[in-house]
Protein chains: 4
Amino acid sequence: MNSFGSLIRLTTFGESHGKAMGGILDGMPPGVVIDMDIVRHHLERRRPGSGQGVSQRKETDDVEILSGISPVGETLGTPIGFIIRNKDARSEDYAGYTGKYRLNHADYTYHRKYGIHDFRGGGRASARETVSWVVAGSIVRQWLWKARIAFDAKYVATLDAMKAASEGDSVGGIVTGKITGLPAGLGEPVFDKLQSRLGAAMLSINAVKAFEYGDGNRSARMKGSECADRFRIPHDPLTPFSSNHCGGIMGGISNGMEVNFNVYFKPAPTIMRPMETIDTEGKPCVIEPKGRHDSCVAIRAVPIVESMAALVIGDMVRLHQSYVPLERYPEGYDPGPIL
Amino acid sequence: MNSFGSLIRLTTFGESHGKAMGGILDGMPPGVVIDMDIVRHHLERRRPGSGQGVSQRKETDDVEILSGISPVGETLGTPIGFIIRNKDARSEDYAGYTGKYRLNHADYTYHRKYGIHDFRGGGRASARETVSWVVAGSIVRQWLWKARIAFDAKYVATLDAMKAASEGDSVGGIVTGKITGLPAGLGEPVFDKLQSRLGAAMLSINAVKAFEYGDGNRSARMKGSECADRFRIPHDPLTPFSSNHCGGIMGGISNGMEVNFNVYFKPAPTIMRPMETIDTEGKPCVIEPKGRHDSCVAIRAVPIVESMAALVIGDMVRLHQSYVPLERYPEGYDPGPIL
Amino acid sequence: MNSFGSLIRLTTFGESHGKAMGGILDGMPPGVVIDMDIVRHHLERRRPGSGQGVSQRKETDDVEILSGISPVGETLGTPIGFIIRNKDARSEDYAGYTGKYRLNHADYTYHRKYGIHDFRGGGRASARETVSWVVAGSIVRQWLWKARIAFDAKYVATLDAMKAASEGDSVGGIVTGKITGLPAGLGEPVFDKLQSRLGAAMLSINAVKAFEYGDGNRSARMKGSECADRFRIPHDPLTPFSSNHCGGIMGGISNGMEVNFNVYFKPAPTIMRPMETIDTEGKPCVIEPKGRHDSCVAIRAVPIVESMAALVIGDMVRLHQSYVPLERYPEGYDPGPIL
Amino acid sequence: MNSFGSLIRLTTFGESHGKAMGGILDGMPPGVVIDMDIVRHHLERRRPGSGQGVSQRKETDDVEILSGISPVGETLGTPIGFIIRNKDARSEDYAGYTGKYRLNHADYTYHRKYGIHDFRGGGRASARETVSWVVAGSIVRQWLWKARIAFDAKYVATLDAMKAASEGDSVGGIVTGKITGLPAGLGEPVFDKLQSRLGAAMLSINAVKAFEYGDGNRSARMKGSECADRFRIPHDPLTPFSSNHCGGIMGGISNGMEVNFNVYFKPAPTIMRPMETIDTEGKPCVIEPKGRHDSCVAIRAVPIVESMAALVIGDMVRLHQSYVPLERYPEGYDPGPIL
């Protein structure tokens, strides 16, 4: 339940106010040189306090690689274990929350599910979890870059995050993502379609409420004659179509065009106003939010979107490669008929 | 790759113009009475030719149950094998297609992936595949109904499907789904959030381009102060909130409210006009579509949406039940300390 | 629970006295020519009544392929669905069994687990289930044969099966298996070691009580100086060692030598004598066995052992191939630095 | 590939001479009190240098729990991340090994598989890996103890380990295991039989060459009339049979009797004599073993056997509980017919 993917598989652990976050990235092929500066670069993009409208939690997110990468920085083909210590978890900000369900958080549902809950910062439901996703994704994308597969996402502002923050409010936002360099043929019918896997990945990110690819929800208001992608003539395998309504995916399989998609984020759940809620006994009470909170979670979700896309594509690449035709072995050797 | 779910798992097979479609539904608990008329009812709703704007393929979709259900209609706890013969596959309609890639279909991507492709009707990429999903979903929903969990979906028209059909064109559409009776606590953090699983399920359906739940993509244009769901006071575990912006899911776990979501379909890919395309050698050519084709695939996707939702929820129910506390066994017996 | 394997995955269904047995073989690569006569040959080897000491159930085991193989016999890369109708299930032989637990069968445990049980012939616990395993294994081995990987098993008699049968008794037996042509490098550390997967496969077969590979249980009585496998000098990658104590597997990974293993079968559970047992209410009663039963199940288990081995190796081959290095795409194209 | 189990799942990482070993134990139910002294007790039993005939590596194996257990020692239902630092890895002992394949180790096969290998101490193939298994198993068994399910294993000496050690040689050995308190009904047909899962677990342990349960390989030399387990009359659900030839498992499902099994270990691979081998270029060379090595690996494998058994049973318990009948919800509420 805390694992993502099949052949490239990330398994994570960590509560936001526990000792550490971390994970195990399994399935990375051997011999890939990993530059930890690239990992740190993406962690910095995700870090609270790194942009406008985002929370001021000052964690440097030092990642420690414990296995799977040799001293000279090369993957060994073995699982990559890593941890990020929780250094700056100011639990005192949450002192007033104990036993009270914050609005729009997972406190109520976690408590109903498990009968036990860490009211400091959301425990496992916190977006702090995504630090591990960025570590893993930032490793996988370095492997995929060898094939010139790249991940690119951008924040698209909808409302003014700074203004909302000054009013103690928060805003939603959109992250638009694209995957370039993808060869045709990735994606597995019928239940592991590329869009299913990408959609599940994006809908795993905290605060995401919608996912679309290609023409997306506009498709529902289009005619078939408007949205057909025609083949480029003469045929060009690297850019086979002259338009991209389909978002680079046909029948669940990449067609060689750029894959593009949008991810819609709701406003950050915590707003700086007193909230009427209930406690674990069902009694009404009020929470006065403190602490550091993003006013727009979409801003620093950009590297998270890229990382989850990289994990999906890495898995799909390994699944696809497993179809490599089996050669006669050894060449020229004939042991006679099969029976 | 042709399996969906973990503890309630559907595995399917079948090409649209092969001998039969079918599947194995694994994980159904024993002792559930299954009414095959209910299964047939939903198959009829999905059947081509059963509504306006849908194709005229006349298959009665007789499903044969081969195992897992006793002669008196009770599940045995063993896998339920079933087949639906392909009786009315008019392959002659596809005679002109051989070696030519239909626009907006999976012909090109399947061929690039596998190096071999059945050009008659799309093979495994055909929506014919979903007949097996409806069989399985219609079994699972009868089990879940014992707990009063129900699945309800509706087609929301956007453009005039009849008019488009008369012009040889096709249109997109929306299916809005809801799940009622769901107790709080279903859904598994972190990567098996309820919305991730539902999203992946819906994005597996042919022609689906977008998925949203609760406020969905509108969330991205909202403020936090506008979309907070407040607890009903006094607390009511069966309807705990006074609004449902979150769509019944908080932190990936059901909160006891109705779960609601929208699924966006692109127009049916085949339109009744000559299409310029290429053949398997990359040469330009023209396809003259024949045969029976939906002008709006969303219409008969309604029971498919319900069925996929039922498969997801069934899996989540069994996953959740696996947390049932382990009791001392036997009661009153004390063998002393553990070491 | 009714699926075996990951990338080559067999999912099965069917009760011994239901309508049909069958399965779905997923993950076979496209373009492999399948000779159904080879499948039928192995089914015939497994068939009751095909040898001495085996039961006289007269089923011809006609397998019908429903998908995944083209009309000219080539795999499509799509799941292979197949069924075998139960034609000769003489349920009247079991009439006296209803509600009584046969000794050494799974009647008692199935009933305790599911609260419902088909007392005719064991339902899903019957060795009839293995007919599907032989169909699947006989397909997979034809693919592996392209790489000259072959499966060979033999029955090793311990006691006289004919004599025991004449006394209404039954006997145990051994099947010794080997896999030839296996390249070095197959098998996945740490929990998917080749011997783990093979062991699990063999221990799935009805009546199997033990599995060993290489020197097996004799190893426990050996010294390290006695059982070291030395490298052949000069080095020969195709036969790298001068002995094979390890059974072709080192650290869970094939070393290029023949893989060999033994599978130990207990005597057939049904013997032709009145058996004192209890019924579902816990009351003592007697069963008078009728029907056709093997006196030695190991004899016709030979193709089952081969088939399960083929399923394991097929999975391991695809897993291993998924490590194929990812090439720069397209060649010569340099889009600049990754960041 | 580095994960074991489905609902109770252990994922591990770590090379023997890297920074740390560790893992993530996923699926532990919430609210179980964990005594870390019990974990440390079992780690101590496994520790090199803790018994006769075992290596003198002096690691205290301090385990650090990073998540999933509250400050007061209660599980949260979230994944339990843990690490054990490698403090005493005397890599200088391995200096002479670089580029040379040790006999009977996985050096050759790992190198063939991955094209890269850490020659210091076997990397991931080292038995050091099992430290994480014992941590996880020692947590899981505390949960299962609440139901009085217990794990008991013993080393059975075959040859004199001390004498062999004094001669620079090593010996094999047997570990006999039993599981008590197991209710009837655990184990999943057809491919997740209890013996399949146990066998795969035991065959994952370094140096294991054979697994048997109940009468085991002796079964192959028995008659059916000798090995039938008869029901105790009157029926006693807690000890339903008067003998236990079947080892507590019938048809893959526990029958309520004690489950018992044997695990056969080959001699420790490293012996203190010069070994003729080859290097990575295929050239003959000699290795002079140094360092600390067990002469009999079976001795300290005892808690490993118990731990792996606990992981298997924990998984089976959760799988079985997921069959808990779904109750009508809410009681007394009738929304009318399903359609």
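The values are calculated or read from the model by the stated rules, or taken from the named source; none is laboratory data. Just so we're clear, the structure is a prediction, and the values are computed from it rather than from any experiment. Reconstructed Cβ throughout: ideal geometry from the backbone, glycine too, with neighbour counts over all protein chains shown. Side chains included, ligands, DNA and RNA excluded: accessible areas come from the protein's heavy atoms. Shrake-Rupley method; radii C 1.70, N 1.55, O 1.52, S 1.80 Å.
Using a cut-off of 24 Å between alpha-carbon atoms, which lysines can reach B:LYS209, once sequence neighbours fewer than 8 places away in the same chain are excluded? Output for B:LYS209: A:LYS154, A:LYS178, A:LYS193, A:LYS209, A:LYS223, A:LYS266, B:LYS113, B:LYS154, B:LYS163, B:LYS178, B:LYS193, B:LYS266.
How shielded is B:311-318 by partner chains, expressed as the average number of their Cβ atoms within 10 Å of its Cβ atoms? Can you show the working numbers first?
Numbers: counts 1, 0, 0, 1, 1, 0, 3, 7.
Mean partner-chain Cβ count within 10 Å for B:311-318: 2.
When the other protein chains are added to the chain by itself, burial of at least 40 square angstrom of heavy-atom accessible area (probe 1.4 Å, ligands and nucleic acids ignored) affects these residues of the range A:198-223: A:LEU203, A:SER204, A:LYS209, A:PHE211, A:TYR213, A:ASN217, A:SER219, A:ALA220, A:ARG221, A:LYS223.
Give the carbon-plus-sulfur fraction of the accessible surface of chain C in %, rounded to a whole number; probe 1.4 Å, heavy atoms of protein chains only.
Numbers: 5480 of 10670 Å².
Of all accessible area on chain C, carbon and sulfur atoms account for 51 percent.
Annotation for A:GLU64, label-to-label distances across the other copies: 0.4, 6.3, 6.3 nm (shortest first, one decimal, point 7 Å from Cα along Cα→Cβ). Of D:ARG46, D:ARG273, D:ARG221, the residue with the greatest mean-square motion in the GNM of chain D, using alpha carbon springs below 10 Å, is D:ARG221. For the chain pair B and A, buried accessible area totals roughly 7700 Å², probe 1.4 Å, rounded to the nearest 100. For the listed peptides A:184-192, D:205-213, a ranking on the average number of other beta carbons within 10 Å per residue, highest first, reads D:205-213, A:184-192. Relative to the longest principal axis of the Cα atoms of chain A, helix A:36-46 runs at roughly 50 degrees.
Here is how the number arises for chain B: DSSP H runs of 4 or more residues each give -39500 (n - 2.57), the sum is divided by the residue count, and the result at 222 nm is -6500 deg cm²/dmol.
Per residue, how large is the accessible surface of the protein assembly as shown? Use a 1.4 angstrom probe and give square angstrom.
Numbers: 42750 Å² over 1356 residues.
Accessible area per residue, the protein assembly as shown: 32 Å².
The string of couplings for the range A:294-307 from the Karplus curve (6.51, -1.76, 1.60, θ = phi - 60°) is 5, 8, 9, 6, 5, 4, 8, 7, 4, x, 5, 4, 4, 5 Hz, one whole number per residue in order, with x for Gly and Pro. Distant-in-sequence amide contacts of D:GLY77, defined by a placed amide H-H separation under 5 Å and a gap of 5 or more residues or a different chain, comprise D:GLY31. At the residue level, A:SER3 shows approximately 20 square angstrom of accessible surface with a 1.4 angstrom probe and all protein chains present. Contact-buried residues of the range A:1-26, at a threshold of 20 Å² lost accessible area versus the chain by itself: A:MET1, A:ASN2, A:SER3, A:PHE4, A:LEU7, A:ARG9, A:THR11, A:PHE13, A:GLU15, A:LYS19, A:ILE24, A:ASP26 (1.4 Å probe; DNA, RNA and ligands ignored).
From other protein chains only, count the Cβ atoms within 10 Å of every residue's Cβ in B:234-244, then give the mean. Write out the running numbers ahead of the final one.
Details: counts 4, 7, 1, 3, 3, 0, 6, 2, 0, 0, 0.
For this peptide, the per-residue mean of nearby foreign Cβ atoms is 2.
Put the Cα centre of the range B:196-248 next to the Cα centre of the range C:191-250 and the gap is 55 Å. Largest GNM mean-square fluctuation among A:GLY27, A:GLY282, A:GLY248, using chain A with Cα springs under 10 Å: A:GLY282. Take every Cα pair under 8 Å whose residues are at least 6 apart in sequence, average their separation, divide by the length of the range C:177-328, and the relative contact order is 31 percent.
Summarising the rotation from chain B to chain C, the nearest chain B beta-carbon to the axis and its distance in Å are given as B:THR11, 2.
Inter-copy label distances at D:CYS285, shortest first and taken from points set 7 Å along Cα to Cβ: 5.9, 6.7, 7.1 nm. Would the range A:177-226 count as rounded, prolate or oblate if I go by the C-alpha gyration tensor, calling it rounded below 1.5 in a/c and otherwise prolate when a/b exceeds b/c, oblate otherwise? Oblate, since a/c reaches 1.5 and b/c is not below a/b. Amide H to amide H, with H built 1.01 Å from N, B:ILE278 comes under 5 Å of B:TYR101, B:CYS285, counting only residues 5 or more places away or on other chains. A simple spin-label model places pseudo-atoms 7 Å from Cα toward Cβ; at B:LYS87 and D:SER242 they are separated by 5.8 nm. Computed from Cα atoms, the angle from the helix C:194-203 axis to the main principal axis of chain C rounds to 10 degrees. Each other copy places its own label point for A:ALA157 at 4.3, 7.8, 8.8 nm from this one, sorted shortest first, where the point lies 7 Å along the Cα-to-beta carbon line.
Quick check: from the Cα gyration tensor, does the protein assembly as shown come out rounded (a/c under 1.5), prolate or oblate? Mind showing how you got there, number by number?
Values: a/c = 1.36, a/b = 1.20, b/c = 1.14.
Judged from the Cα gyration tensor, the protein assembly as shown comes out rounded (a/c under 1.5).
Pairwise Cα separations in chain A fall into 10 Å bins from 0 onward with the following percentages, short to long: 5, 23, 29, 23, 13, 5, 2, 1, 0. Inter-chain Cβ neighbour count for A:250-261, averaged per residue, equals 5 (cutoff 10 Å, partner chain atoms only).
Could you work out how far helix A:130-144 tilts from the main Cα principal axis of chain A, as a 0 to 90 degree angle to the nearest 10? Around 20 degrees separate the two axes. Converting phi to 3J(HN,Hα) with the Karplus coefficients 6.51, -1.76 and 1.60 and the offset θ = phi - 60°, the range B:225-237 yields 5, 8, 10, 6, 8, 8, 5, 5, 10, x, 4, 10, x Hz in sequence order, with x at every glycine or proline. Mean sequence separation of contacting Cα pairs (under 8 Å, at least six apart), scaled by the length of chain C, corresponds to a relative contact order of 23 percent.
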